[in-house]
Amino acid sequence: ESNLATVTINLPGNGYTFTSADHVTFTAGQTSTFAVTVTGKPTPALSEDGALPAGITFVDNGDGTGTLSGTPGGTTGGIYPIVFHAEKNKPHQADQNFTLTIGQAPVITSAPGTTFTVGSAGSFQFTTLGFPPPEFSESGALPIGVILNPNTGLLSGTPAPGSGGTYPINVTATNPFGFDVQAFILTVDQVPGFTRANNVHLQAGSPANFTVTTSGFPPPAISKTSGTLPSGVTFTDNGNGTATIGGTPAGGSGGTYPITFTASNGVLPNATQNFTMVVCNSLVVTNPATTSGTAKTAFSQTFTQ
């Protein structure tokens, strides 16, 4: 009786080589598939190391191929470096450094508005989610002295004198995977100032109207902070950056009335104006054609902006 022995001979393989590309790009929110392929005997097992984005998995198909697939989450944009391994017996192992890129359309995440001040340098950084980083553009008028950097999304500059106001614009962020548009309001504050003459002449007994005007943004409130008005004359803040001195100075109220106005809008410093109101009494003229009669001359003045 003979004893038979079974001998297993492991022939060396010819090594493994990855034949698929070492990178791929998927799009966030869209289902995609990529086949990983390897040559070499015996058929290797495939595995993956490294963090994959949410929604993406890798599966070894058992035939020398693998499948990278899935639907990347909506905010997974970025670059994911991973490593694929092919192995059967340790001497027959191959690695491939692989880059998975997830493209994601930009979404603007910064606030929809900001405030600059005339004459002072200001800046505002637009921020986004998405990959790759977008380019920025704007439609609508910006104040002189302020620009948007298309590469960085930085809104910056020094608003020019007289540019106080609101500037509604649309800001667009664009990359190869899409775009986002944000309605944005740049508010430019400006310190208040007075823009009308600092004096007025009125006639006692005659109705008059004078408008006090200012510059600045927001439109300043105007108040009379010192001085007394003649009887019959009032001061009214109109609530729109102007005020009205109006009325009929009482007879006999002639004289000089020093007044101080203050304009304030929350942007310091406040503005003050020393204002002088002169009231002339009515003239009395003797009529030479009569011995007892007199005639009064009077006139009505209206002062407007």
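In table form, for the structure just shown:
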{"quantity": "Most positive-pole-ward Cα, 211, 68, 268, against dipole of the chain from beta carbon charges", "calculated": "211"}
{"quantity": "Relative contact order (percent, whole number), the chain, Cα cutoff 8 Å, 6+ residue spacing", "calculated": "12 percent"}
{"quantity": "Which labelled figure in [x] 173, 27, 26; [y] 61, 56, 43; [z] 60, 49, 41 is Cα extents along the principal axes in Å, once derived from the coordinates", "calculated": "[x]"}
{"quantity": "Proximal aspartates and glutamates relative to residue 224, as straight alpha-carbon distance under 14 Å, when same-chain residues fewer than 8 apart are discounted", "calculated": "237"}
{"quantity": "Cα centroid separation - segment 83-106 against segment 240-269, whole Å", "calculated": "80 Å"}
{"quantity": "Simple spin-label estimate for residue 195 and residue 125 in nanometres, 7 Å along Cα-Cβ", "calculated": "3.7 nm"}
{"quantity": "Amide H within-cut-off set for residue 238, under 5 Å, with H built and near neighbours excluded", "calculated": "243, 244"}
{"quantity": "Residue-count net charge about residue 57 - beta-carbon cut-off 15 Å; Lys, Arg +1, Asp, Glu -1", "calculated": "-3"}
{"quantity": "Rounded accessible area of residue 80 (nearest 10 Å², 1.4 Å probe)", "calculated": "50 Å²"}
{"quantity": "At R0 = 25 Å, FRET efficiency that the Cβ-Cβ distance of residue 225 and residue 160 yields, to 0.05", "calculated": "0.25"}
{"quantity": "Portion, in percent, of the accessible area of segment 15-117 that falls on carbon or sulfur, probe 1.4 Å", "calculated": "51 percent"}
{"quantity": "Accessible surface, segment 125-280, averaged per residue in Å² (probe 1.4 Å)", "calculated": "45 Å²"}
{"quantity": "Derived scalar couplings ³J(HN,Hα) [segment 151-161; Karplus, 6.51 cos²θ - 1.76 cosθ + 1.60; whole Hz; x for Gly, Pro]", "calculated": "8, 9, x, 9, 8, 7, x, 10, x, 5, x"}
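The values are calculated or read from the model by the stated rules, or taken from the named source; none is laboratory data. This is a predicted model, so every value here is computed, not measured. Neighbour counts are summed over all protein chains in view; Cβ atoms, including those assigned to glycine, are modelled from backbone coordinates with ideal geometry. To get the accessible areas, we keep the full protein, side chains included, count just its heavy atoms, and leave off ligands, DNA and RNA. Shrake-Rupley method; radii C 1.70, N 1.55, O 1.52, S 1.80 Å.
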